[in-house]
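Data block below; observations after.
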Amino acid sequence: MWKFALHPWSSTSSGSRLRQSEPYANTDGGLAVIGMLIVWTSFIFVVFPMLDLAVTRLFAHGRVFWLMENPFLKAVRDISRQSQIYLLPGMALLIALRAFLPGRLRICPPHKPLFVLLSFAAGPLVIVQILKMIIGRVRPRELVEFGGTADFTPVWQFSAACTRNCSFPSGEAAAAAAALSLLVFVPAKQRWIAAAILTPCLLFVAFNRVIFGAHFLSDVMLGWLLTMFAMTWIWRWVDANARAIDRFFTRLVVR
């Protein structure tokens, strides 16, 4: 999956100019692979809905999720959430600095932080929040089996049991996937090494929500995959228009 999904982000704007005859070749492959993963993941959890409950029960002792108060796991979640408070404004600041100090920040073209911002906006914000409102799936710890009052519903099944802060898909899993957009700042030769280190850490951050009883496994997996799909679409546009984006922000102050 990562070969197709991350390869489009390994290009540079100069590389993009060399590929003008086939500007979307890499992203087409990534979109096809991620799209199939979304379909097959959905199919498995729709056909075998009890798989979600079986995984959730691994972390529940009776009606208590016994790792909810684990200091390490809580710290992992706190760090992942708090990092976004600094990450997103930091990306906006990089774009602003490039506009005001274009000569001093040539190493950071604006299209790269813009890609990160759009990735977080598309996945954790737009896709996740819309689906949460439409699907209305309750969280595992709100089920009768785990001390709540609601009944279990399979993934993609519409439900009126939840009206706000619902379970599907996982916003924190989507944010973890969106954090992979930071690989665009890593030099191309080191990008696969960085991806091999960063990806397992972010997957653990996402799966942490299952351990806490806050999300089903399908919430996490599809939240991740849907965000990756959106990110690949975004990079398809950003990479093709990198020079125009960079010129726009560089000349913004002058205008």
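Tell me the mean residue ellipticity at 222 nm calculated for the chain from its helices only (DSSP H runs of n ≥ 4, each -39500 (n - 2.57), averaged over every residue, nearest 500).
So the helix-based figure for the chain works out to -19000 deg cm²/dmol.
Determine the shape class of the stretch 154-217: with a ≥ b ≥ c the square roots of the Cα gyration tensor eigenvalues, call it rounded for a/c under 1.5, and otherwise prolate if a/b is greater than b/c, oblate otherwise. Spell out each step's value before the answer.
Working: a/c = 3.69, a/b = 2.61, b/c = 1.41.
Prolate shape, in that a/c is at least 1.5 and a/b is the bigger ratio.
Only counting other Cβ atoms within 10 Å, I'd like PHE59, PHE48 sorted with the fewest neighbours first. Before the final figure, lay out each step's value.
Values: PHE59 16, PHE48 11.
Listing PHE59, PHE48 from fewest to most nearby Cβ atoms yields PHE48, PHE59.
In the chain, with Lys and Arg counted as +1 and Asp and Glu as -1 at Cβ, which of these residues, HIS111, ILE234, THR149, has the Cα nearest the positive end of the dipole, that is, farthest along it?
The residue sitting farthest along the positive end of the dipole is HIS111.
Under the rule of at least 5 residues apart or a separate chain, name every residue whose amide H is placed under 5 Å from the amide H of VAL155.
Distant-sequence amide H within range of VAL155: zero hits.
Modelling each spin label as a point 7 Å along the Cα-to-Cβ direction, I'd like the PHE158/ASP78 distance in nm, to one decimal.
Between PHE158 and ASP78, the label points sit 4.2 nm apart.
Would you list which aspartates and glutamates come within 14 Å of LYS74, measuring only between C-alpha atoms, while excluding same-chain residues fewer than 8 positions from it?
GLU172
Rounded, prolate or oblate: which one fits the stretch 62-146, using the alpha carbon gyration tensor with axes a ≥ b ≥ c (rounded when a/c is under 1.5, else prolate when a/b beats b/c, else oblate)?
Details: a/c = 5.61, a/b = 2.09, b/c = 2.69.
Oblate.
Whole-Hz Karplus ³J(HN,Hα) for the stretch 62-74, in order, using 6.51 cos²θ - 1.76 cosθ + 1.60 and θ = phi - 60°, x for Gly and Pro?
With the stated coefficients, the stretch 62-74 comes to x, 9, 10, 8, 6, 9, 4, 9, 5, x, 5, 5, 5 Hz.
Given that just one value was derived from the coordinates, which of [x] 41, 21, 19; [y] 25, 21, 19; [z] 37, 19, 16 is semi-axes √(5λ) of the Cα gyration tensor in Å?
Of the listed options [x] 41, 21, 19; [y] 25, 21, 19; [z] 37, 19, 16, [z] comes from this structure.
The numbers here are math on the coordinates, done by the rules we state, and not lab data. These figures come from a predicted structure and were not determined experimentally. No Cβ is skipped: glycine too gets one built from the backbone with ideal geometry, and neighbour counts run over all protein chains shown.
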